[in-house]
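See below for the structure under consideration.
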Amino acid sequence: MPLATSRVTPAEHHVLRQLLRGLGNQAIAAELALSPRTVESHISHMLAKTGCRNRTQLLLWALTER
């Protein structure tokens, strides 16, 4: 799922793909072999970069950027 924008890093993109699958932070961390805190950090950075206020808005943003 390549995004039309290059606002997110490759690592953030991997987390975003898992969010789009409906996974929570713990499941994303297990899937990508990351710590839950790293997942939280990636999500936080994406929220700041995109101007989204929460995960739901971030998911909607991702869907519109396809």
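The values are calculated or read from the model by the stated rules, or taken from the named source; none is laboratory data. Fair warning: this is a prediction, and the values are worked out from it, not measured in the lab. Cβ: placed from backbone, ideal geometry, glycine included. Neighbour counts: every protein chain shown.
Considering only residues that are outside any helix (DSSP H, G or I) and of a type in the set (D, E, K, R), look in the range 46-66 and name the one that is surrounded by the most Cβ atoms within 10 Å (Cβ to Cβ).
Start the filter on the range 46-66 by keeping residues that are outside any helix (DSSP H, G or I), which leaves 51-54, 65-66.
Filter once more, so that each one left must be of a type in the set (D, E, K, R): 53, 65-66.
Working: Arg53: 9, Glu65: 15, Arg66: 9.
Result: Glu65.
Do you know which residues across the range 15-41 are crowded, with 17+ Cβ neighbours inside 10 Å and either closer than 18 Å to Leu63 by Cα or hydroxyl-bearing (Ser, Thr, Tyr) (or both)?
Across the range 15-41, the qualifying residues are Val15, Leu16, Gln18, Leu19, Leu23.
Just need a number here: residues in the range 49-66 that are among the small types (Gly, Ala, Ser) and either over 14 Å from Val15 (Cβ atoms) or without any contact (Cβ under 8 Å) to a residue 40 or more places away in the chain (or both).
The initial filter retains those residues of the range 49-66 that are among the small types (Gly, Ala, Ser), namely 51, 62.
Checking which are either over 14 Å from Val15 (Cβ atoms) or without any contact (Cβ under 8 Å) to a residue 40 or more places away in the chain (or both) leaves us with 51.
Number of matching residues: 1.
Would a scan of the range 16-23 turn up a residue that is among the hydrophobic types (A, V, I, L, M, F, W, C), at pLDDT below 95 and touching a His at 6+ places or on another chain (Cβ under 9 Å)?
Checking the range 16-23: not a single residue is among the hydrophobic types (A, V, I, L, M, F, W, C), at pLDDT below 95 and touching a His at 6+ places or on another chain (Cβ under 9 Å).
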